[in-house]
Amino acid sequence: MESKGQRIVQNVEDIPPLGHQEAGSMARVELERFIALLETLAEDDWLKPTYCTLWNVRQIVSHQAGAYAGFASGAEFRRQWGPPPQPKPGQMTVDAVNDLQVADRAQATPTELIAELRRVGSRAIANRQRIPAFIRGLRFDAESFLYAWQPLDILRALRRPYGPLTAGTMRLDYITDLIYTRDTWMHRMDICQATGRAIILTNDHDGRMMALVMRDLADLLKNVLNGKTVAYDIPGPGGGCWKIGPASTPAATIQMELLYFNVLASGRITPAEARAQGLVSISGDVEAANLALDYMSPLPY
């Protein structure tokens with residue numbers, strides 16, 4: 001770590017990877033916070049539009065209930081994923097599954113959705129924690145996994161399961177340990193933004209979530225910054241200051257609120273929209289900062 005004035009700057013390379021047991025703990029905290037948020041919503045909040053432009057609040061919750069249900073039982077997992085619905089042209093497989101989850105719950109009331117999350121959420125997390133290490137470590141071609149997943153991909157992966165990750169590949173536990181929880185975390189922020197609720201943020205949980213996002217961002221930007229070093233300064237609870245690049249002193253610093261950083265990184269808005277809305281503050285090398293902004297999304301959420 002280095003000091004930038006009174007601000008501690010952490011090198012993203014020093015951020016430890018997510019451990020499997022840690023993943024279970026974080027998932028349980030996030031589920032609890034998500035349900036607690038839903039229980040504060042008024043009737044009209046459920047129909048409010050969100051940064052996920054195809055979904056209102058109720059549809060986001062329907063997706064979350066479906067995602068947890070998919071890991072709560074083998075039968076439901078097979079119904080959703082084995083094989084999954086046919087994606088629309090240009091649509092990812094996961095988006096087609098998400099559409100199915102929402103359609104399944106088109107008539108569900110808010111009370112029913114919350115009850116379903118309570119019923120299946122903890123069970124889904126426990127089942128993900130029970131996935132054997134040799135399965136969690138299977139590697140997949142990322143593009144095929146996202147756009148053309150089929151159940152037989154598991155058998156294909158078993159032929160050459162291990163070894164170092166190469167460009168365009170990912171481990172299964174990247175999805176089951178990290179992305180499922182990050183998805184709930186991001187949708188919690190979507191709902192808070194849509195309904196005007198304060199986002200509950202703590203350094204231990206949300207700060208760790210942010211650090212793990214920064215690990216992914218560093219991987220995305222490693223061939224983009226042309227050797228320059230950029231810092232991301234996220235003020236407030238759950239935030240921090242992280243530098244990406246080899247230099248001890250960043251050439252540029254990008255400051256954003258935690259919510260809007262993740263809105264941008266997830267592809268919910270474009271870099272141009274973030275600039276136009278005054279969501280970004282830049283100091284130092286403007287060219288390097290703009291390069292980092294232009295290539296920082298979309299990250300998996």
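The values are calculated or read from the model by the stated rules, or taken from the named source; none is laboratory data. Predicted model, so just to flag it, every value in this text is computed and none were measured. Ideal geometry is used to build each Cβ from the backbone, glycine not excepted, and the neighbour counts take in all protein chains shown.
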Discussion item. Only one of E39, E13, E30 is within 17 Å of the chain's Cα centre (by Cα) and either closer than 14 Å to D183 by Cα or surrounded by fewer than 20 Cβ atoms within 10 Å (Cβ to Cβ) (or both). Can you tell me which?
Written reply: E30
Worksheet item: Only one of these conditions is not met by D219: (1) without any contact (Cβ under 8 Å) to a residue 40 or more places away in the chain; (2) in a loop (DSSP other than H, G, I, E, B). Which number is it?
Response: (2)
Worksheet entry | Top-ranked residue of segment 185-227 - restricted to ones that are of a type in the set (V, I, T) and within 20 Å of A42 (Cα to Cα), ranked as surrounded by the most Cβ atoms within 10 Å (Cβ to Cβ) | I191
Worksheet item: Of G24, G66, G70, which residue is in the same structural domain as A142 (by TED's automatic domain parsing), surrounded by fewer than 20 Cβ atoms within 10 Å (Cβ to Cβ), modelled with pLDDT of 95 or more and not β-branched (V, I, T)?
Response: G24
Worksheet item: Can you name the number of the only condition in (1) loosely packed, with under 11 Cβ neighbours inside 10 Å; (2) more than 18 Å from W185 (Cβ to Cβ) that D45 fails?
Response: (1)
Worksheet item: Could you say which residue among V29, V97, V102, V12 is outside the structural domain of P235 (by TED's automatic domain parsing) and touching a strand residue (DSSP E or B) at 6+ places or on another chain (Cβ under 8 Å)?
Response: V12
Discussion item. Being at pLDDT 95 or above and not aliphatic (A, V, I, L, M) is the requirement here; does D153 meet it?
Written reply: no
Response to the item:
Checked segment 43-76 for anything hydrophobic (A, V, I, L, M, F, W, C) and touching a residue at least 12 places away in the same chain (Cβ under 8 Å); matches are W46, C52, W55, V57, I60, V61, A65, A67, A69, F71, A72
